[in-house]
1. Measuring from centroid to centroid over Cα atoms, what is the spacing of the stretch A:211-251 and the stretch A:351-389 in Å?
2. Starting from the Cα of residue C:50, step 7 Å along the direction of its Cβ; do the same at residue A:23; then give the gap between the two resulting points in nm.
3. Near residue A:87, which lysines are there with a Cα under 16 Å away, not counting those fewer than 8 places off in the same chain?
4. Can you work out the FRET efficiency for the pair residue C:433 and residue B:41, with r the C-beta to C-beta distance and R0 = 45 Å, to the nearest 0.05?
5. For residue C:36, what accessible area in Å² do you get when you roll a 1.4 Å probe over the heavy atoms of the protein chains, rounding to the nearest 10?
6. Quick check: convex hull of the Cα atoms in chain A, volume per residue, rounded to a whole Å³?
7. Ordering B:120, C:6 by how much accessible area each has at a 1.4 Å probe, largest first, what is the list?
8. Put one equal scatterer on each alpha carbon of the stretch A:104-156, apply the Debye formula with no solvent term, and list log10 I(q)/I(0) at q = 0.25, 0.30 1/Å to two decimals.
Amino acid sequence: MLNRQGRPTTPGAAVESAHPTFTGNRALQQEEPLIFEFGRTDVIGVDLDEPAPVADRLGGLKRKDTIGLPGLSEPEAMRHYVRLSQKNYGIDTGLFPLGSCTMKHNPRLNERMARLPGFADIHPLQPASTVQGALALMDELAHWLKELTGMPAVTLSPKAGAHGELAGMAAIKAAIAARGETATRNVVLVPDSAHGTNPATAALIGFTVKAVPAREDGTVDPAEVAKLAGPDTAAIMLTNPNTCGLFERDVVEIARVIHEAGGYFYCDGANFNAIVGKARPGDLGVDAMHINLHKTFSTPHGGGGPGAGPVVLSDRLAAFAPLPYVRLDDGRFSLVEHAAVSDQSPLGRLTAFHGQMGMFVRALAFMLSHGADGLKQASEDAVLNANYVRACLADLMSLPFGNRACMHEVLFDDAWLKGTGVTTLDFAKAMIDEGYHPMTVYFPLVVHGAMLIEPTESESKASLDLFIATLRDLAFAVRDGDTARFTGAPYHAPRRRLDETRAARQPVLRWTAPAPVAEAAE
Amino acid sequence: MTTYYTKDHEYIRVEGDTGTVGISDYAQSQLGDVVFVELPSVGKALTKGAEAAVVESVKAASEVYAPVSGEVVAVNGAIEETPATVNEDPLGNGWFVKIKLSDAGELDGLMTEQQYDDYLKSIS
Amino acid sequence: MRYLPLTDADRREMLARIGVATVDELFTDIPERMRMAAPADLPRAKGEMEVERHLGAMAARNVSASSVPFFIGAGAYKHHVPATVDHLIQRSEFLTSYTPYQPEIAQGTLQYLFEFQTQVAMLTGMEVANASMYDGSTAAAEAVLMAHRVTRRRKAVLSGGIHPHYAEVMTTLSDLAGDEVVRLPPDVTATEDLLAAIDDSVSCVVVQTPDVFGNLRDLRAVADKAHAHGALLVAVFTEAVSLGLVEAPGAMGADIVAGEGQSIGNALSFGGPYVGLFATRQKFVRQMPGRLAGETVDADGRRGFVLTLSTREQHIRRDKATSNICTNSGLCCLAFTIHMSLLGESGLTRLARVNHANAVKLAEALAAVPGVKVLNETFFNEFTLRLPKPAAAVVEAMADHHVLAGVPVPRLLPGAGLDDLLLVASTEVNTDADRAAFVAALTEVL
């Protein structure tokens, strides 16, 4: 199944600005050139003495050409990047209801802890005797993750959610190989509502993907799974709570059906934030689940990474975890970096070192700050906030699966926009003008014109009330036929709607020096 | 010259034993601005329902399936250069491939233009 | 709990608006017997001070690189990061933003990604670069997969000079995908015959320079033979600073360049997060994995940037995607690009000269220690020593003398009969006093 639902990607006609400025700046919004347009190759923003000459050991492989990299002095660099930052929307700017992404508050204590020299300034290949505290931290993080999920094992090295999926599915593949069933057990069941990474991961490592249609209420029907499951079933990849914002209420039965067929249950843990302290995946029959530390445990998203995706594993898969892992013997921690000959696991490394240590520190700081009690409260508040948004908008916007309790995110579709001339995309862009980051749009693919709202536990009631009032005002504007407010939006952002068609048809992926202007003929 | 349609929104316009395959006007409008197409090589044997080409817009992608079995006898290289033609003239210059039909009987399973119009009404 | 704004009164009011009596009524889809009766068996909430005390005690048990003479490299390097870099990457609008899916309010991220892509392309001597991968090792593994897509072949040849961890990542991924890998034996002195391994069945040859033993490799002959057989040359590096002094892989015929960018702007951080650099030729761009920022215009005709060519990616192509990668290494790219623009061409090339000079001085000093031999003909800032004793024991003993001396080769390649080899790196952070301490400690423990 591919994503077949397009949307407009060229902007409409321009509207002249009422009060143009000489610079193009608008007060605090500064236009900023590329570093290549004002940096100079002979400017250095880092003072460094030229070394005394030595007889080089480069064997004739010294670089011959110039590179062309522009340099900036420190004040120029500071201003350039500060101005760029001011064109970005972050969680610290305002409500960021991006469904499935869990944009919660990023405590600065976690930043401070990750920058302690004892964590930030240690090398992955130092002797174990000099990094006992780092290994202890990994061990403690592992303990928290195992306790919260009810799973007996965890591998920390995956670098992001999709990398965690790869680790988990690779463990499943290795377990199937150990059973001698590689040739016959090669189908992975993936519901239509799954994140795109699920089928991509399964296909990457040689599994055949079979789609499981969702039933009327947006969840997976175990009877449907039973029809598809058989001796060729390697695994099911199920997101729970799912991307429609619903808990898969038949998850235990689905797990039973898959296990009975001889397959494994991979759970996409992207939405774990809804159920921390309320239910444990291990009790639900899960064999492997990645945990997005950058979602549930608040390591900063940083404009698209870095993430971290540890994977918890059941007893059946624990032996097939990738290298390396931490071991404790007689009070001393060590890293197991190579497979012993006796080792059952044929799965090697998935990354150069031991994982995203900087993210481990932040996630553990977040867990310690909340405690078991606080994490449970956070999940309850996240679910409460999403349901509050649902209850307050259900009369104006359409809920594809009825007005029933959701988990930590609520899914609307575009049925309520039909015939108005306003699309999901237009509505999202109008939210930008109101000072909000839009919700996730056009995902999941199982509903038309999806709008997935995840407020997280970080929002106060006052903040939610203003957000709800804003969306209601926008909804009334749709109803009243004020389409220009939507179709031309955003009007007030650093940029108006961008021409994505042009970007894709004539890709310009780097700066190149403009051709010299020809001398005017005399 | 008759044009047939599939439920996946491909059309095939048949002249003699050759059919011109493309995507319907509805399909191009659903995809949005087309930015890339991937075409098969001439001479490739296609079976009915197999992937014949891929068409991509900025935010979506779709396989184009062979409506009937046959051999690819021509591909429309022009839409690789100017994918916008698929949006502008899907039934004319925006065609994808020409197939030499191996079994004209397979056309019986496809929809006529009238049937396809009714089908579109039923799914919208 | 300081992070949770709702009061109990708020919660009651909201529950009433929703029309339920308790929050548990919102969780009824979870089968009742599966709901946790008691909280997990874990500590309760802690204030900032307590967390700082707890984690501070753990951090204090580690020996940080800045606290001792430090010479460890092998894929991660201790460099000085300007204070400006760490300040800027903590700007709220960078730190707490998401993947720029709404470009009108993400021009900051998109513009620095565009600048980053250009810097990486320039540095590697390639035409285009993506917006980064997880790290150098995963970038290298993705390069192999990409070469398979381009050539429609499924066999990679790995030089014996590739960092063993990188080779393992490439092997793991290839095994999972069912592709073939030919891994040449460890090649300490860069004397392997790579040309003999290239034939018409090969999709790509993967060569690292400087290699894991520190040797610089001339890629030209390998590139020529690979191209003659319809194969690609994948060039790998783990020390980005080397590109300031050594010939760019693009100038030596590489088709794909994959490397680690940690050295520029990013802390050691015990192995992550780092930033994978990935560059290739324009003609292969549609086969490239990962995110790409591209230039365009907005409705008012002003220049702007968007993520583009995203139909290659998993959220649209799903099981037909070029890669399963979803995340890039956003904030680490930002650190890289800020540090790189502070350096500029003059600063980067000078930094590279300082690194090389320090390594040359260290190599000369160590070569004078009785029983010690420097094995490299060529190197940038890292080289291999042969010691008269097992290297692992020497490193442990030197750690007791408060010198972190390098990486014993058997830690990377156990059972390869290379137990007496030690990898030593020297960067701009090392002083004459550091070098003297190294020589003294080594002389002492041998």
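The values are calculated or read from the model by the stated rules, or taken from the named source; none is laboratory data. Note that the structure is a prediction, hence the values are computed from the model and not measured. Heads up, the Cβs are rebuilt from the backbone with ideal geometry, glycines too, and the neighbour counts pull from every protein chain shown. Heads up: the accessible areas ignore ligands, DNA and RNA and are worked out on the full protein's heavy atoms, side chains in. Shrake-Rupley method; radii C 1.70, N 1.55, O 1.52, S 1.80 Å.
1. A separation of 27 Å, based on Cα centres.
2. 5.0 nm
3. Here the lysines satisfying the reach criterion relative to residue A:87 are A:429.
4. 0.10
5. 40 Å²
6. It comes to 233 Å³ per residue, whole-number rounded.
7. B:120, C:6
8. -1.02, -1.08
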